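What follows is a short report on a single structure.
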Amino acid sequence: MNSMITFDTNVFVYAVDANEPRKQSIARQLIDTALDDGEEIALLWQVACEFLACLRRWQNDGRMTADEVGTHIRRIIMLFGIQIPSRSVIESSLKLHERYSLSHWDSLLLAACIDAGVATLYTKDLDAGTAYESVSVINPF
């Protein structure tokens, strides 16, 4: 079994965003390959919440129906084990924020990765190739 991986919100957003066909293809292939390869994949609570918030914005803008929102969020929570953060995530995020000059949300995301035992985070929002503590970042886009 490989080390645990996770996807940032942007990967899930692009996987359902028909307005970004190139990134949609990359995101879908990344997720499908990880599933096919038997990767241990964590769905972080923060990511699930951010993805749902994005889908609801699209619903409010008329880009998606309530049924489609439900279908997309249910699909990811059924495919991946949701990792609920522990209390230590807050303390860890404070240290990561200072050490790496990260945004509030990025420091929480990385702290949640560390807490869940994630080794690799796929995202477009952090410096690709950088290791933040025990978490390596890969930009698939």
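The values are calculated or read from the model by the stated rules, or taken from the named source; none is laboratory data. Everything numeric here is computed off the predicted structure, so don't read it as measured data. Backbone-built Cβ (ideal geometry, glycine too); neighbour counts: all protein chains shown.
Please verify whether segment 44-54 includes one or more residues that are on the phi < 0 side of the Ramachandran plot, among the aromatic types (Phe, Trp, Tyr), touching a strand residue (DSSP E or B) at 6+ places or on another chain (Cβ under 8 Å) and touching a residue at least 40 places away in the same chain (Cβ under 8 Å).
Checking segment 44-54: at least one residue is on the phi < 0 side of the Ramachandran plot, among the aromatic types (Phe, Trp, Tyr), touching a strand residue (DSSP E or B) at 6+ places or on another chain (Cβ under 8 Å) and touching a residue at least 40 places away in the same chain (Cβ under 8 Å).
Go through (1) within 18 Å of Val137 (Cα to Cα); (2) not in a helix (DSSP H, G or I) one by one and return the number of the condition Met64 breaks.
(1) is the only condition that Met64 fails.
With the requirement that a residue be of a type in the set (A, V, I, L, M), more than 22 Å from Gly70 (Cα to Cα) and either surrounded by 21 or more Cβ atoms within 10 Å (Cβ to Cβ) or free of Cβ contacts under 8 Å to residues at least 40 places away in the same chain (or both), what does segment 19-43 give you?
Within segment 19-43, just Ala34 meets the criteria.
Restrict the check to segment 75-97 and report whether at least one residue is modelled with pLDDT of 95 or more, more than 30 Å from Tyr132 (Cα to Cα) and in contact with a Leu (Cβ under 7 Å, 6 or more places away or on another chain).
No, segment 75-97 contains no residue that is modelled with pLDDT of 95 or more, more than 30 Å from Tyr132 (Cα to Cα) and in contact with a Leu (Cβ under 7 Å, 6 or more places away or on another chain).
The rows are residues; the columns are (1) of a type in the set (Val, Ile, Thr); (2) loosely packed, with under 14 Cβ neighbours inside 10 Å; (3) touching a helix residue (DSSP H, G or I) at 6+ places or on another chain (Cβ under 6 Å); (4) in a helix (DSSP H, G or I).
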position: Val69; (1), (2), (3), (4): yes, no, yes, yes
position: Arg75; (1), (2), (3), (4): no, yes, no, yes
position: Ser86; (1), (2), (3), (4): no, yes, yes, no
position: Leu108; (1), (2), (3), (4): no, no, yes, yes
position: Asp115; (1), (2), (3), (4): no, no, yes, yes
position: Val118; (1), (2), (3), (4): yes, no, no, no
position: Leu121; (1), (2), (3), (4): no, no, yes, no
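Among Val16, Val47, which is the only one that is more than 25 Å from Ser107 (Cβ to Cβ), surrounded by 14 or more Cβ atoms within 10 Å (Cβ to Cβ) and in contact with an Asp or Glu (Cβ under 9 Å, 6 or more places away or on another chain)?
So the residue among Val16, Val47 that is more than 25 Å from Ser107 (Cβ to Cβ), surrounded by 14 or more Cβ atoms within 10 Å (Cβ to Cβ) and in contact with an Asp or Glu (Cβ under 9 Å, 6 or more places away or on another chain) is Val16.
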